[in-house]
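The values are calculated or read from the model by the stated rules, or taken from the named source; none is laboratory data. What you see is a predicted model, and the numbers here were worked out from it, not measured in a lab. Methodologically, a virtual Cβ is constructed for each residue, glycine included, from the backbone with ideal geometry; neighbour enumeration extends over all protein chains shown. Ligands, DNA and RNA are stripped out before the accessible areas are found, and what is left, the full protein with its side chains, is counted by its heavy atoms. Shrake-Rupley method; radii C 1.70, N 1.55, O 1.52, S 1.80 Å.
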Amino acid sequence: MNLRRSGYGRGMRLLLLGAPGSGKGTQAARLAKALGVEHIASGELLRAQVRAGTALGATAREYLDRGDLVPDPLVIDMLLPVLERSGAAGGYVLDGFPRTVEQAAAAGGMATERGVAAQLAVHLRASEAELLERLLRRAVELDRSDDAEPTIRHRLAVFAKQTAPLLHYYADRGILLEVDAMRPVEEVTAQILRGVARSDGDDAGGGRGEQ
Ligand code: AMP
């Protein structure tokens with residue numbers, strides 16, 4: 001399904017929530033392409049700061065290496081201008097941000113004011129066992145400093161404690177779409193695009209959950 005051609009999803013603003021290994025990066029890239037919007041990956045932006053040797057990168061590095069979240073004020077300062085720009089320019093797929101209720105509240109406040117708030121929050125749901133297996137496989141394929149087993153387990157725990165509360169946050173706002181992320185990549189993308197098409201034609205809200 002090419003939503004750009006069909007007219008659906010133009011200017012769409014969505015965010016992806018999911019534990020490490022749930023396929024956020026893969027799905028965000030596919031969705032951004034299908035919708036013709038920008039893919040914003042907070043982890044990638046932070047790793048770019050580390051590589052560039054900036055002050056933010058130097059601070060962020062220790063958190064990244066431990067598998068802890070970078071403190072909210074730093075991430076919020078980095079992300080808000082990007083979000084504002086791409087929201088105004090025609091939409092975004094947000095991958096990895098927000099990760100705490102504080103981040104969601106800060107970004108949501110600014111974005112609502114500017115008319116660029118996310119229209120759909122997608123939860124890529126997968127079992128802990130599947131996530132661990134995927135992450136261990138990725139650790140062998142890529143050489144990421146946060147992909148050693150104890151760090152992987154820690155990142156899963158950080159998700160459960162600090163990011164999972166966001167699921168209620170967006171469910172309460174009527175924009176949460178639950179997706180089974182253990183299905184093949186193409187099917188997961190297709191299910192999300194169906195949710196996008198529905199929410200695009202349903203600005204009154206409600207009834208967007210799909211199991
Ligand atoms: P990711 O590439 O999304 O898995 O993120 C990798 C790492 O970057 C995380 O384990 C955190 O250390 C950091 N990070 C990415 N996004 C955020 C965020 N929104 N808030 C805090 N830390 C983040």
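Decide, for the range 35-110, between rounded, prolate and oblate: order the square roots of the alpha carbon gyration tensor eigenvalues as a ≥ b ≥ c, take rounded if a/c falls under 1.5, and otherwise choose prolate if a/b is larger than b/c, else oblate. Before the final figure, lay out each step's value.
Details: a/c = 2.02, a/b = 1.50, b/c = 1.35.
Here the range 35-110 falls in the prolate category.
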Reported to the nearest 10 Å², Asp77 has, with a 1.4 Å probe, an accessible area equal to 110
Residue-normalised value, i.e. accessible area per residue, for the range 1-124 at 1.4 Å probe, in Å², stands at 43
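Could you work out how much longer the chain between Ala129 and Val82 gets when fully extended? Use 0.36 nm per residue separation minus the Cα distance between them, nm to one decimal. Could the numbers behind the result be given before it?
Numbers: separation 47, 0.36 × 47 = 16.92 nm, distance 3.42 nm.
Here the answer is 13.5 nm.
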Amide H proximity to Leu17 below 5 Å, modelled H, separation 5+ or other chain, gives Val122, His123, Leu124
The answer for Tyr92, listing residues at least 5 apart or on another chain whose modeled amide H is closer than 5 Å to its amide H, is Arg13, Leu14, Glu38
Between Ala148 and Met182, the two model label points (7 Å from Cα along the beta-carbon direction) sit apart by a distance in nm of 3.0
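Roughly how many percent of the accessible protein surface of the chain is carbon and sulfur, given a 1.4 Å probe and a whole-percent answer? Walk me through the intermediate numbers first.
On the way: 5320 of 10140 Å².
Taking all protein chains in place, the chain shows 52 percent carbon and sulfur surface.
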Expected vector for the range 91-96, Karplus 3J(HN,Hα) from phi with 6.51, -1.76, 1.60 and θ = phi - 60°, integer Hz, x for Gly and Pro, equals x, 7, 10, 9, 10, x
